[in-house]
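See below for the structure under consideration.
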């Protein structure tokens with residue numbers, strides 16, 4: 001099984017990889033279909049289903065869909081140009097995608113939220129249609145946003161029997177299970193990161209790989225820095241204040257003081273994660289890790305390693321990201337990274353497992369200890385629901401990333417205190433997460449119909 005490090009870590013835009021980035025990607029894919037079709041479209045329509053409908057406004061799914069149809073893509077998103085484009089579309093009821101004629105599109109009429117049963121392929125479904133001059137449908141496609149910015153068509157879902165990963169046999173180490181991964185590592189004498197690197201080099205040069213990972217960390221780190229400098233109220237109507245700057249200022253003021261207790265290090269970890277997720281909630285540039293809703297955990301743990309661990313080296317950033325991506329790929333392939341499919345255990349839980357494994361690796365852990373770190377982190381997120389208040393990626397999501405980072409570091413530390421031998425394997429934990437997500441009531445899976453979302457006043 002091969003999922004690239006650049007599949008797990010994608011530069012995009014907040015607040016949600018599945019509800020913002022995914023619909024934008026789907027709309028861009030539909031434009032490609034139109035450009036290569038014999039039809040002469042005059043208009044477009046879109047409908048949102050399942051979780052995309054229930055929490056779409058809070059996740060900016062409507063804006064993302066409209067902008068995607070106008071030609072925007074997550075990796076090159078320009079916020080200022082996006083606002084101007086949205087204003088023009090609202091005023092003129094016209095969209096002019098690159099390489100296509102002007103199309104009619106009235107956001108109030110042509111973008112609908114279907115609050116009925118979800119489409120059969122996934123909880124995050126959407127249908128996009130092209131129409132002729134009479135308004136009759138001449139082409140349509142169903143898309144599923146399956147988490148982490150990944151998008152599949154109805155046909156792709158059906159062809160793979162619901163498998164969501166890109167399975168490739170043409171890599172040196174095609175592991176699909178954690179036990180298989182460890183067996184390959186023992187046989188080859190390589191680390192998880194070294195095997196992952198060998199797989200990546202089948203598809204890109206060493207220079208491109210290293211430069212790409214350097215950019216991923218640059219974007220992550222810049223997001224932390226922006227978040228620690230930002231202030232004010234987050235958008236969406238909950239009046240949630242940005243807290244990262246105040247925490248950062250207080251921690252700097254306390255640095256070196258005898259009054260600062262040892263557990264203050266937890267505040268630094270939470271700070272880094274919350275800074276990212278406040279930026280995400282504000283619609284800023286983030287990196288899926290593996291999703292936007294869980295985007296703060298991996299960069300927070302990496303920043304913790306670089307800034308607070310004696311002997312830390314920037315030369316190990318690639319090893320960190322490759323190890324994290326390998327574990328994230330296992331979770332995605334065998335279970336899910338989608339909150340709408342398995343709850344927040346699939347998002348923050350997966351992110352914590354990735355970060356714990358990566359930290360254990362760069363701290364010199366054995367393959368068995370790295371696997372143990374991932375298992376501990378995921379095990380202690382099992383059953384976590386996804387219940388965003390008002391459908392916004394703010395409460396409980398921002399603080400939850402901070403606690404996910406703390407759990408990841410604790411999991412890595414516990415694993416490194418042992419010899420790698422443990423009762424519950426990572427494979428068993430991933431399968432348990434999948435089963436738990438399957439059995440979880442739909443109202444706890446990113447619909448805002450249960451949990452905190454209905455017990456906290458949201459207006």
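The values are calculated or read from the model by the stated rules, or taken from the named source; none is laboratory data. Not measured: the values here are computed from a predicted model. As a convention, Cβ positions derive from the backbone with ideal geometry for all residues, glycine included, and neighbour counts pool all protein chains shown.
With respect to residue 249, determine if the residue is in the same structural domain as residue 391 (by TED's automatic domain parsing), farther than 19 Å from residue 297 by Cβ and modelled with pLDDT of 95 or more. Outline the logic, then answer.
On the way: in the same structural domain as residue 391 (by TED's automatic domain parsing): yes; farther than 19 Å from residue 297 by Cβ: yes; modelled with pLDDT of 95 or more: yes.
In short, yes.
Which condition from (1) in contact (Cβ under 8 Å) with a residue 24 or more places away in the chain; (2) touching a helix residue (DSSP H, G or I) at 6+ places or on another chain (Cβ under 8 Å); (3) surrounded by 15 or more Cβ atoms within 10 Å (Cβ to Cβ) is the one that residue 142 breaks?
(1)
If only one of 75, 84, 88 is touching a strand residue (DSSP E or B) at 6+ places or on another chain (Cβ under 9 Å), outside any loop (DSSP other than H, G, I, E, B), without any contact (Cβ under 8 Å) to a residue 24 or more places away in the chain and surrounded by fewer than 23 Cβ atoms within 10 Å (Cβ to Cβ), which one is it?
Details: 75 fails: without any contact (Cβ under 8 Å) to a residue 24 or more places away in the chain; 84 fails: touching a strand residue (DSSP E or B) at 6+ places or on another chain (Cβ under 9 Å).
Exactly one residue qualifies, and that residue is 88.
Restricted to the range 189-208, and to residues that are surrounded by 17 or more Cβ atoms within 10 Å (Cβ to Cβ) and in contact (Cβ under 8 Å) with a residue 24 or more places away in the chain, which residue is nearest to residue 12 (Cα to Cα)? Full working, then the answer.
Start the filter on the range 189-208 by keeping residues that are surrounded by 17 or more Cβ atoms within 10 Å (Cβ to Cβ), which leaves 190-193, 195-197, 199-200.
Applying the additional criterion that residues be in contact (Cβ under 8 Å) with a residue 24 or more places away in the chain yields 191-193, 195-197, 199-200.
On the way: 191: 29, 192: 26, 193: 24, 195: 27, 196: 23, 197: 23, 199: 24, 200: 21 Å.
Result: 200.
Suppose the filter is over 15 Å from residue 10 (Cα atoms), buried (at least 24 other Cβ atoms within 10 Å of the Cβ), touching a strand residue (DSSP E or B) at 6+ places or on another chain (Cβ under 7 Å) and assigned by TED's automatic domain parsing to the domain that holds residue 185; does residue 349 pass it? Working first, answer last.
Working: over 15 Å from residue 10 (Cα atoms): yes; buried (at least 24 other Cβ atoms within 10 Å of the Cβ): yes; touching a strand residue (DSSP E or B) at 6+ places or on another chain (Cβ under 7 Å): no; assigned by TED's automatic domain parsing to the domain that holds residue 185: yes.
It is false that residue 349 is over 15 Å from residue 10 (Cα atoms), buried (at least 24 other Cβ atoms within 10 Å of the Cβ), touching a strand residue (DSSP E or B) at 6+ places or on another chain (Cβ under 7 Å) and assigned by TED's automatic domain parsing to the domain that holds residue 185.
Go through (1) under 19 Å from residue 244 (Cβ atoms); (2) without any contact (Cβ under 8 Å) to a residue 12 or more places away in the chain one by one and return the number of the condition residue 399 breaks.
Evaluating residue 399 over (1) under 19 Å from residue 244 (Cβ atoms); (2) without any contact (Cβ under 8 Å) to a residue 12 or more places away in the chain leaves (2) as the failure.
Looking at the structure I just gave you, is residue 393 within 13 Å of residue 55 (Cβ to Cβ), assigned by TED's automatic domain parsing to the domain that holds residue 341, part of a loop (DSSP other than H, G, I, E, B) and modelled with pLDDT of 95 or more? Even if it seems obvious, please write down each step before you answer.
Numbers: within 13 Å of residue 55 (Cβ to Cβ): yes; assigned by TED's automatic domain parsing to the domain that holds residue 341: yes; part of a loop (DSSP other than H, G, I, E, B): yes; modelled with pLDDT of 95 or more: yes.
Here the answer is yes, as residue 393 does meet what is asked.
From the list 101, 97, 107, exactly one residue is in the same structural domain as residue 44 (by TED's automatic domain parsing), under 21 Å from residue 33 (Cβ atoms) and surrounded by 15 or more Cβ atoms within 10 Å (Cβ to Cβ). Which is it?
97
Looking only at the range 291-343, which residues are outside any helix (DSSP H, G or I), buried (at least 24 other Cβ atoms within 10 Å of the Cβ) and over 12 Å from the mean Cα position of the chain (by Cα)?
As a first pass, look at the range 291-343 and keep what is outside any helix (DSSP H, G or I): 291-296, 309-313, 335-338, 343.
Checking the rest, the ones that are also buried (at least 24 other Cβ atoms within 10 Å of the Cβ) come to 291-296, 335-338, 343.
Listed by number, the residues that qualify are 335, 343.
State which residue is farthest from residue 68 (Cα to Cα) when the search covers only the range 1-53 and only residues that are without any contact (Cβ under 8 Å) to a residue 60 or more places away in the chain and part of a helix (DSSP H, G or I). Full working, then the answer.
Looking only at the range 1-53, we keep the residues that are without any contact (Cβ under 8 Å) to a residue 60 or more places away in the chain, and these are 24, 28, 32, 36, 38.
Pick out the ones that are also part of a helix (DSSP H, G or I) and you get 24, 28, 32.
Numbers: 24: 4, 28: 5, 32: 11 Å.
Among them, the one singled out is 32.
Please give the number of the condition residue 457 fails out of (1) out of contact with any helix residue (DSSP H, G or I) (no Cβ under 7 Å at 6 or more places or on another chain); (2) at pLDDT 95 or above.
Going through the list (1) out of contact with any helix residue (DSSP H, G or I) (no Cβ under 7 Å at 6 or more places or on another chain); (2) at pLDDT 95 or above, residue 457 breaks only (2).
Looking at 225, 270, 231, 260, which one is outside any helix (DSSP H, G or I) and either modelled with pLDDT of 95 or more or within 19 Å of residue 324 (Cβ to Cβ) (or both)? First the steps, then the outcome.
Numbers: 225 fails: outside any helix (DSSP H, G or I); 270 fails: outside any helix (DSSP H, G or I); 260 fails: either modelled with pLDDT of 95 or more or within 19 Å of residue 324 (Cβ to Cβ) (or both).
Answer to the selection: 231.
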